[in-house]
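One structure below.
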Amino acid sequence: MSATAGAMPIKTATETALKNNPDLQRTEHSIAVAEESLKSAKAQKGFSVSATASGSFSKTEGSADSEGVSGGLTGSVPLYSGRKLESQIKSAELGIDIAKFDYAQAKDDLIYSVASAYVDALENLATSKVDLETESNLSEHERNIAALYDAGAKAKIDYLRAQVETSNALQDAAKSHAAYEVSLANLATLMSLDSIMNLTVEEIGVNSNIGDLENYLTAAENNREDLKADELRIEQGELNVIIAKSGWKPSISASAGTGIDSRSRSWHITPDVSAGVSANWSIFDGGVTRAEVDSAKLEVERLKLAMKSDVDSVRESVITAYKNLKIALMRVRTTQKAAELAEEERYIATEKYNAGEGILLDILDAEVALSTAKKNHVSAKYDVARYSFDLAHATGNTLAAIR
């Protein structure tokens with residue numbers, strides 16, 4: 001089907017959302033936060049300098065006033081931390097990778113949301129057109145019956161019933177058009193647009209070829225960014241166990257410093273230089289370290305269970321989308337045939353009524369059947385697109401399904 005004039009293609013809608021969506025931008029900023037955390041972790045292992053200063057003043061009767069300033073600079077560098085600092089750095093590095101995976105997954109989720117909203121808009125637009133067509137057909141019946149009624153060939157009750165059915169069809173058309181505008185508003189929100197003015201959609205192409213289920217399941221396990229992030233979170237948790245265990249080990253650091261002392265009157269500055277290695281080892285901490293280690297181990301187990309749950313959820317999503325797509329493809333064929341038969345039934349009922357051989361109820365039933373058949377075909381057609389996007393999202397690459 002040709003593109004609607006002035007319509008926004010689905011690729012453009014996707015690109016606009018990726019550029020403007022604030023939730024995605026917030027997720028992207030988490031990468032920068034993780035990078036700053038890595039800088040902080042690395043700084044803990046580097047050389048540090050601290051300064052001290054103090055002043056004094058004394059006055060004793062019969063003696064001269066005394067005042068002075070003393071201070072010093074001390075530089076230190078950690079030599080051994082029980083793998084604590086190294087593990088913190090590695091954990092921070094993993095944090096950056098996790099943030100990047102989360103961002104990639106957020107992008108795919110947003111693309112999927114845009115695609116779903118786009119399909120909803122297309123389906124609602126097509127449904128609205130069916131309702132408008134039904135209203136137009138019933139209006140034509142009403143005009144024909146009015147002419148027959150004026151000629152005395154039809155009863156007034158037929159004319160009244162035709163008017164009622166036309167009015168009802170007009171209400172259905174109004175509601176379906178409103179649903180279309182709501183779906184456009186949802187699409188605009190994803191793209192961070194202020195208005196749906198001049199926003200329209202065009203038909204999209206979908207791949208009606210469906211492969212083997214096992215291939216989709218394998219693709220999901222390999223491609224899903226959230227599953228990759230889960231794996232790194234488990235690795236992070238194992239590093240936290242090492243960090244917690246460092247509380248049982250000594251910490252060793254080397255330091256060097258200078259002292260400066262200035263006294264009143266003489267104001268003689270004497271620098272003092274010192275250097276050494278110090279060790280700190282907590283022999284007993286009341287069970288604090290044990291509790292931290294146990295907590296870190298339990299968190300690793302929780303993360304493993306969370307990943308297993310996510311894997312199961314992804315597999316279920318793939319299987320569900322796959323089966324729904326297969327059924328939708330079958331429905332497209334059957335509903336197309338049903339619509340053709342309903343069109344023929346409507347024609348026969350109309351001709352018989354106009355020839356005086358049928359009743360109005362036959363026409364109304366045929367119009368309802370035709371409208372239902374066409375809506376079923378619309379539903380099946382766009383379910384193919386919808387479930388194609390479901391399957392692509394479940395396997396971790398929604399963008400590949402956009403044409």
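Using the Cα gyration tensor of the range 282-403, with a ≥ b ≥ c the square roots of its eigenvalues, what is the shape: rounded (a/c below 1.5), prolate (a/b larger than b/c) or oblate (neither)? In terms of gyration-tensor shape, prolate. Centroid-to-centroid, using Cα positions, the range 110-169 and the range 371-387 are 18 Å apart.
If R₀ is 25 angstrom, what is the calculated FRET efficiency for the pair Val164 and Glu344, using the beta carbon separation as r and rounding to 0.05? List each step's numbers first, then the result.
Details: r = 26 Å, r/R0 = 1.03.
Calculated transfer efficiency: 0.45.
Just Ile363, Ile157, Ile210 to compare: in a GNM of the chain, with alpha carbon springs under 10 Å, which one fluctuates most? Highest fluctuation of the listed residues: Ile157. Between helix 84-150 and the chain there is an angle of about 20 degrees, using the helix long axis and the longest principal axis of the Cα atoms. In order along the range 360-370, phi translates into HN-Hα couplings of 4, 4, 5, 5, 5, 4, 5, 5, 4, 4, 5 Hz, rounded to whole numbers, per the Karplus curve 6.51 cos²θ - 1.76 cosθ + 1.60 with θ = phi - 60° and x for Gly and Pro. Solvent-accessible area of the range 118-195 (1.4 angstrom probe, protein heavy atoms only): carbon and sulfur portion equals 52 percent. To the nearest ten degrees, helix 156-190 and the longest principal axis of the Cα atoms of the chain are 20 degrees apart.
Between helix 225-245 and the chain there is an angle of about 20 degrees, using the helix long axis and the longest principal axis of the Cα atoms. Each peptide in 322-332, 73-83, 94-104 receives the mean, over its residues, of other Cβ atoms within 10 Å, and ordering these scores from highest gives 94-104, 322-332, 73-83. Put a plus charge on the Cβ of each Lys and Arg, a minus charge on the Cβ of each Asp and Glu, and nothing anywhere else: the dipole of the range 268-359 about its Cα centre is then about 400 debye. For the range 190-241, a/c is not less than 1.5, where a ≥ b ≥ c are the root eigenvalues of the C-alpha gyration tensor, and a/b does not top b/c. That puts it in the oblate class.
Size of the dipole of the range 245-403 about the Cα centre, Lys and Arg at +1 and Asp and Glu at -1 on the beta carbon, nothing else charged, in debye to 20?
Values: 22 positive and 21 negative charges, 162 e Å.
The calculated dipole for the range 245-403 is roughly 780 debye.
In this model, which of Lys175/Lys326; Lys228/Lys308; Lys326/Lys374; Lys19/Lys107 are farther than 22 Å apart at the alpha-carbon? Kindly include the intermediate steps, with their values, before the conclusion.
Working: Lys175/Lys326 30 Å; Lys228/Lys308 12 Å; Lys326/Lys374 20 Å; Lys19/Lys107 10 Å.
In this structure, Lys175/Lys326 exceed 22 Å between Cα atoms.
Taking a Cβ cut-off of under 11 Å around Glu299, the surrounding Lys, Arg, Asp and Glu residues balance to a net charge of 0, with basic ones at +1 and acidic ones at -1.
The values are calculated or read from the model by the stated rules, or taken from the named source; none is laboratory data. Remember, it's a predicted structure, so these values are computed and weren't measured experimentally. Note that we place each Cβ from the backbone using ideal geometry, even for glycine, and neighbour counts take in every protein chain shown. The area values use the complete protein model at the heavy-atom level, side chains included, leaving out ligands, DNA and RNA. Shrake-Rupley method; radii C 1.70, N 1.55, O 1.52, S 1.80 Å.
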